[in-house]
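Heads up: the structure comes next, in structure tokens.
Throughout, read-outs are computed from the coordinates displayed, never taken from laboratory work. Predicted, not measured: the structure shown is a model, and the values here were computed from it. Cβ placement follows ideal geometry from the backbone for every residue including glycine, while neighbour counts extend to all protein chains displayed.
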Amino acid sequence: EATARCPDLHVVAADADRDARFFEGVLAAVDDLIPRAEVLRPGLVVVPARGAARFFGSEQQTSERLIDTVAAAGAECQVGIADRLSTAVFAARAGRIVEPGADARFLSALSIRQLAVEPSLSGPGRGDLVDLLWRLGIRTIGQFAALSRSDVASRFGADAVTAHRFACGEPERAPSGREFAAELDAVLDCDPPIDRVDAAAFAGRSLAATLHQRLMAAGVGCTRLVIHAVTAHGAERSRVWRCAEPLTEEATADRVRWQLDGWLTMRTVDDRPTAPVTRLRLQAVEVASAGALQLPLWGGLGDDDRLRAHRALVRVQGLLGPQAVQVPVLSGGRGPAERVTLAPLGDELVPAADPRQPWPGQLPEPSPTVLLDDPVELLDNQGNPVRVTSRGLFSADPARLVTRGRDERLRWWAGPWPVDERWWDPDLATGRTARAQVLLESERALLLCYRRRRWYLEGSYE
């Protein structure tokens, strides 16, 4: 239906690296117009508007100059201006300039679901919070602001308190207009100099690890990061990244990679560095104390908890090696085990096969929750083994399953579904292969795989 209504529409997968590369040209143009631009995420930037409004004559004229500047850089934008940063983000979605002192009034009429639409301003559980508030009958941000702070803290958790402060229009940190203090710096002299994106990614990981070791030693987390780069010709560039939650080591490395990728691949030759990057410096110009990173008394899993878990896992890797902690990656394949690739924590998450490609014979959703590989026996009513014939059918109706010495009757079965993979390659062919699903009388749902003339328990649905 979407294609019929708009046949020229192209849908592409989300790609943060691509977005950051494109956005760097826009950032450079905005920073030339109004210095001290800070990036919330690729596609969203904030600038201090008070001085710019005095310089250009008014907030309306500042907004128009920003729109013209971004258009000249090859993009379109909407501008919002308000007393508070987060209100300005929501105002930008509507292209509004909020009158001074009217932040709370502007927010009060917005739907409560707006609290979860901008990931750079919220924690990972914000969507669940909004769904809960909606079920409780709270439909607008103003209704949420009317709740008492103590009730919000005791019933919903830390991120809800942050959301409540926003809903009430309470002050928050604004874009910085001051010089950056050199604290907790991490410096890398690049030898050889960096002129390729893959080298930038490696340097970003190394520098992020150094910075976070110093942050951990100081008991703080970084919420605003400046990335500095110096080229062989002495040219210097810097960019500020602002975050709602303390950056993890992985998130820091991502931002360094995005930034260097953007600088090295600027769309116009005049904007690109004229020489390779010889020095990188990461500067944590705004930090949160260790007390702000403690687990809340009311529980819940947020970025703070994930940060501590990530640090613990990195220590495990330091003791036992990188392969000791692995992360699953969705991959392409027909069976459930083939659709999972394990990669060491911190490495690039590259699947063994592209999951976006067609996989004829792929097991339909849902996949088993537990993967197994145990030999079993599938029997008919007479106790004879059930096989898969050359026509891809059961040799008899399955009736019983024998696994680990237990003989259980079946209440239901489906299949078999033959899988023909590389039958022409003698080194890779596994003979006749098929899968089937069975439901035992004990209510256990299982996935079976037939290969090399016998059955295996491949997974369990729990």
Please list, in chain and number order, the residues 5+ apart from V376 or on another chain whose amide H is under 5 Å from its amide H, with Hs placed from the backbone. W455, Y456, L457
What ranking do D374, D131 get, fewest neighbouring Cβ atoms within 10 angstrom at the top? D374, D131
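How large is Rg over Rh for the range 37-97, taking Rg from the Cα atoms and Rh as the Kirkwood inverse mean of 1/r across Cα pairs? Spell out each step's value before the answer.
Numbers: Rg = 10.9 Å, Rh = 11.7 Å.
Reported Rg/Rh, Kirkwood definition of Rh: 0.93.
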What's the FRET efficiency of E365 with A153 using the Cβ-Cβ distance as r and R₀ = 51 Å, to the nearest 0.05? 0.85
Among H233, H164, H10, H228, what is the fewest-to-most ranking by other Cβ atoms within 10 Å? H10, H233, H228, H164
Testing the spin-label approximation: label points 7 Å from Cα along Cα→Cβ at D374 and E76. State their distance in nm. 5.8
Calculate, axis by axis, the spread of Cα positions in the range 22-167 along the three principal axes, and write the results as whole Å, longest axis first. 47, 31, 21
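Set the Förster distance to 22 Å, then compute FRET efficiency between L393 and R452 from the Cβ-Cβ distance, nearest 0.05. Each step should come with its number before you reach the end.
On the way: r = 18 Å, r/R0 = 0.84.
In this case the efficiency is close to 0.75.
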Calculate the length of the line joining the C-alpha centroid of the range 200-271 to that of the range 138-167, in whole Å. 34
Rounded to the nearest 10 degrees, the helix 59-72 long axis (Cα) sits at an angle to the longest Cα principal axis of the chain of 50
If I model a spin label at D195 and N384 as a point 7 Å from the Cα along the Cα→Cβ vector, what separation in nanometres do I get? 7.4
Please compute the length gained on full extension between L132 and T3, using 0.36 nm multiplied by the number of residues separating them and subtracting their Cα-Cα distance. 43.0 nm
In whole percents, the bins of 10 Å from zero upward hold the Cα-Cα pairs of the range 370-461 as 17, 52, 24, 6, 0
If each residue of separation counts as 0.36 nm, what is the full-extension length gain between D354 and R406 once their alpha-carbon separation is subtracted? 14.8 nm
Whole-Hz Karplus couplings 3J(HN,Hα) for the range 323-330, θ = phi - 60° and coefficients 6.51, -1.76, 1.60, Gly and Pro as x, run 6, 6, 10, 10, 10, x, 10, 5
What distance in nm separates the two pseudo spin-label positions at S206 and E170, each 7 Å out from Cα along the beta-carbon direction? 4.4
Residue exposure sequence - F56, F166 - by fewest surrounding Cβ within 10 Å: F56, F166
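Stokes-Einstein diffusion coefficient for the chain at 25 °C in a medium of 0.890 mPa s, Rh from the Kirkwood formula over Cα pairs: what value in µm²/s? Don't skip to the end; give the middle numbers.
Values: Rh = 26.4 Å.
Diffusion coefficient, whole number: 93 µm²/s.
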Residues with beta-carbon under 12 Å from that of L439, excluding L439: net charge, scoring Lys, Arg +1 and Asp, Glu -1? 0
In degrees rounded to 10, the 0-90 angle between helix 126-135 Cα long axis and the longest Cα principal axis of the chain is 80
Report, to the nearest 10°, how far helix 158-167 tilts away from the longest principal axis of the Cα atoms in the chain, using its own Cα long axis and a range of 0 to 90°. 40
Which log10 I(q)/I(0) values, to two decimals, does the range 186-292 give at q = 0.20 Å⁻¹ under the Debye formula with one point per Cα? -0.96
Estimated dipole of the range 370-461 in Debye, rounded to 20 [Cβ of Lys and Arg +1, of Asp and Glu -1, Cα centre]: 180
